Amino acid sequence: MAYVLVEEEGNLGVAISPKETTPNGVVSLFAMMRFYAEKFFALTKALIALEAVCHVKNRQESQNVVGAQLRAQIYANVGVFAVQCKTMGLPNSAQKCARIHGGMDRQKDQVTYQDCGSWLKDLRERVEDELHSLYFLQLTNKEADLYEQSPKQWESAINRFPKIRIDVEESAKCFALHRFAACLFHILLVAEFGVIEVAKLFEVQGDKPGWGALDRLQRIHEKKWSDKTTFEQQHSELLGKILPLMLSTKNEWRHKISHVDNKLEWVDTDFSPDVAERIVSATLGFMLCLASDLPGRAA
């Protein structure tokens, strides 16, 4: 099981769901959960302190029954801790919390320091054992923003072309997790969507819409003015503006990916963050231009 911790005030964390629920080894980004690491740590410390108090009181007090105030404190802390254990995917620890509550409910004001000390010791050891099955990944504040929120600079493009939202958001999440090849898989789907929309406008999308239309668009742009149709002349300025953006996007990945039969074939998936960021930026510029300048005919 894996968790992703966010490095920020309050130590907000993001946790990936258990790998046991994904037998093929693929964990959906949508399946990620959130937990408050600082709160979990504070609650753990509080329970350890209460365990120590119970052990000391058991040795010192002639009356071994736990007082009402301490009993209420233990009950409340165990209840909150149970919620945290469930959130983090620690089912055995959560079950132990439920057993402690059950014991305290049955014994009521006859709960002893020995009982509570033993219960809390068992809970601590169970948590320690379960935590050995977890590993943690850390996110910076900037990475957390990418992971948590749809990138604001994409807002106008997403408003114009709602279909790209999922891939824009997934690309950002993958970048935040340093999965740069996955980031580019999603962002190139966005760029390809833009190429298809331009091809629709000029009616050159072909039987297999995609990057193959870029060559046809370039041939339109390179035509003599007299050879262009009235429609092509009317939108010549627009094509001249967006064609370099499309080519720039393609040029950023052409050494890593080959384009055969209108399909992208990955030659090398070892992308650096700088390369990934350049491709994302080029695609962003292209899609923002389309959002503001592409006529409604292509919608």
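The values are calculated or read from the model by the stated rules, or taken from the named source; none is laboratory data. Computed from a prediction, not measured in an experiment: that's the story for all the values here. As a convention, Cβ positions derive from the backbone with ideal geometry for all residues, glycine included, and neighbour counts pool all protein chains shown.
Among the residues of the stretch 168-188, how many are within 19 Å of LYS250 (Cβ to Cβ) and surrounded by fewer than 19 Cβ atoms within 10 Å (Cβ to Cβ)?
Matching residues across the stretch 168-188 total 2.
For the stretch 48-88, give me each residue that is at pLDDT 90 or above and of a type in the set (D, E, K, R).
Selection gives GLU51, ARG71.
For residues that are assigned to a helix (DSSP H, G or I), of a type in the set (Phe, Trp, Tyr) and out of contact with any strand residue (DSSP E or B) (no Cβ under 8 Å at 6 or more places or on another chain), tally how many sit in the stretch 132-165. Talk me through it step by step, then tell me what you get.
Going through the stretch 132-165, the residues assigned to a helix (DSSP H, G or I) turn out to be 141-148, 152-160, 162-165.
Subset that is of a type in the set (Phe, Trp, Tyr): 147, 154.
Within this subset, residues satisfying the condition of being out of contact with any strand residue (DSSP E or B) (no Cβ under 8 Å at 6 or more places or on another chain) are 154.
Residues flagged as assigned to a helix (DSSP H, G or I), of a type in the set (Phe, Trp, Tyr) and out of contact with any strand residue (DSSP E or B) (no Cβ under 8 Å at 6 or more places or on another chain) within the stretch 132-165 amount to 1.
Output the residue which, of all residues in the stretch 219-245 that are among the hydrophobic types (A, V, I, L, M, F, W, C) and closer than 14 Å to VAL198 by Cβ, is surrounded by the most Cβ atoms within 10 Å (Cβ to Cβ).
That would be ILE242.
Take the conditions more than 20 Å from LYS250 (Cα to Cα), modelled with pLDDT of 90 or more and surrounded by 13 or more Cβ atoms within 10 Å (Cβ to Cβ) and apply them to ILE158. Does it pass?
Working: more than 20 Å from LYS250 (Cα to Cα): yes; modelled with pLDDT of 90 or more: yes; surrounded by 13 or more Cβ atoms within 10 Å (Cβ to Cβ): yes.
For ILE158, the condition - more than 20 Å from LYS250 (Cα to Cα), modelled with pLDDT of 90 or more and surrounded by 13 or more Cβ atoms within 10 Å (Cβ to Cβ) - is met.
Take the conditions in a helix (DSSP H, G or I) and crowded, with 20+ Cβ neighbours inside 10 Å and apply them to LEU120. Does it pass? Full working, then the answer.
On the way: in a helix (DSSP H, G or I): yes; crowded, with 20+ Cβ neighbours inside 10 Å: yes.
Here the answer is yes, as LEU120 does meet what is asked.
Inspect the stretch 80-102 for any residue being over 24 Å from ASP129 (Cβ atoms) and within 35 Å of the chain's Cα centre (by Cα) and give the result as yes or no. Lay out the reasoning, then the answer.
Of the stretch 80-102, the ones over 24 Å from ASP129 (Cβ atoms) are none.
No, the stretch 80-102 contains no residue that is over 24 Å from ASP129 (Cβ atoms) and within 35 Å of the chain's Cα centre (by Cα).
Between a residue in the stretch 128-147 that is loosely packed, with under 14 Cβ neighbours inside 10 Å and any residue that is among the aromatic types (Phe, Trp, Tyr) and outside any helix (DSSP H, G or I), which pairs come within a Cβ distance under 8 Å, given they are 6 or more apart or on different chains?
TYR135/TYR3; PHE136/TYR3
Identify the residue in the stretch 205-218 that is surrounded by 18 or more Cβ atoms within 10 Å (Cβ to Cβ) and without any contact (Cβ under 8 Å) to a residue 40 or more places away in the chain and, among all such residues, is farthest from VAL275 (Cα to Cα).
Ranking the qualifying residues of the stretch 205-218, first place goes to GLN205.
Is it the case that the stretch 246-266 has a residue that's at pLDDT below 90, surrounded by 13 or more Cβ atoms within 10 Å (Cβ to Cβ) and part of a loop (DSSP other than H, G, I, E, B)?
yes
Please verify whether GLN110 is of a type in the set (S, T, N, Q) and at pLDDT 90 or above, treating the condition exactly as stated. Spell out the reasoning first.
On the way: of a type in the set (S, T, N, Q): yes; at pLDDT 90 or above: yes.
Yes, satisfied.
In the stretch 88-116, what residues are out of contact with any helix residue (DSSP H, G or I) (no Cβ under 8 Å at 6 or more places or on another chain), surrounded by 13 or more Cβ atoms within 10 Å (Cβ to Cβ) and touching a residue at least 24 places away in the same chain (Cβ under 8 Å)?
GLY89
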